[in-house]
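The values are calculated or read from the model by the stated rules, or taken from the named source; none is laboratory data. What you are looking at is a predicted structure, and each value in this text was computed from that prediction instead of being measured. Positions of Cβ are backbone-derived with ideal geometry, glycine not excepted, and every protein chain shown enters the neighbour counts.
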Amino acid sequence: MKRTPALIAALLLLLPAACDQQAPEQIKWQMPLESPDDPHAGSKQPIHIPAWASAQQGRAQIVWLQKTTTKTFTFDLSMGEQVSQPPWQIRLLGLASGLRLKNNAFINDKNVDNAAALVEISRNGKVLYRGWLYEKFPEMFGLDDPEWKVWVKHITIRPASPETTGSLSSAG
């Protein structure tokens, strides 16, 4: 197909009309740029510890990864126990066999297959993280530190003893 000078001239005349000379419009975002408050995320502030979580008997195996050296440290904590690896301290505050949120409250749902440990992580006595660590989603929540990653590797929950069950039911 041969292009004639008249055809080229006509195209050049149409080209500016095809381009709008409008200023760019501000983008209207569908979602906020900052993350909404996530009840699963941790906090540095004191949090409500459900009575059922602190009454659970069991252990949590917590792994610390030093990102710069790729060295890992594993701690096996019993319920209520605190372990120190200076400058760090970690305390096990509660356990759940399956954590679920219902009406803005955490509940222990045995139908949910994702055990969780409620921990408090401090450095030199200053609390940096208080919240849940999930066994099946270790990368989603936890301490946000440029040099360290902390996750729960395994949780063992023992059935409540008859003495514990009796004292809990009589309390209310």
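For residue 151, state whether it is over 22 Å from residue 51 (Cβ atoms), part of a strand (DSSP E or B), under 14 Å from the mean Cα position of the chain (by Cα) and aromatic (Phe, Trp, Tyr). Yes: the conditions hold for residue 151.
Under the condition of being part of a strand (DSSP E or B) and over 19 Å from residue 130 (Cβ atoms), the residues counted in the range 62-86 number 7.
When the range 100-119 is examined, which residues are found to be surrounded by 21 or more Cβ atoms within 10 Å (Cβ to Cβ) and at pLDDT 85 or above? Answer for the range 100-119, where residues must be surrounded by 21 or more Cβ atoms within 10 Å (Cβ to Cβ) and at pLDDT 85 or above: 115, 116, 117, 118, 119. Across the range 107-118, which residue is farthest from residue 83 (Cα to Cα) among those that are part of a strand (DSSP E or B) and within 14 Å of the chain's Cα centre (by Cα)? Among residues in the range 107-118 that are part of a strand (DSSP E or B) and within 14 Å of the chain's Cα centre (by Cα), the one farthest from residue 83 (Cα to Cα) is 114. Pairs linking a residue in the range 79-92 that is more than 18 Å from residue 156 (Cβ to Cβ) to a residue that is in a strand (DSSP E or B) and among the charged types (D, E, K, R), with Cβ atoms under 9 Å and 6 or more positions apart or on different chains, are 82/91; 82/120; 87/123; 88/123; 89/120; 89/123. Just one of the listed residues (121, 90) is in a strand (DSSP E or B), among the aliphatic types (A, V, I, L, M) and out of contact with any Lys or Arg (no Cβ under 9 Å at 6 or more places or on another chain), and it is 90.
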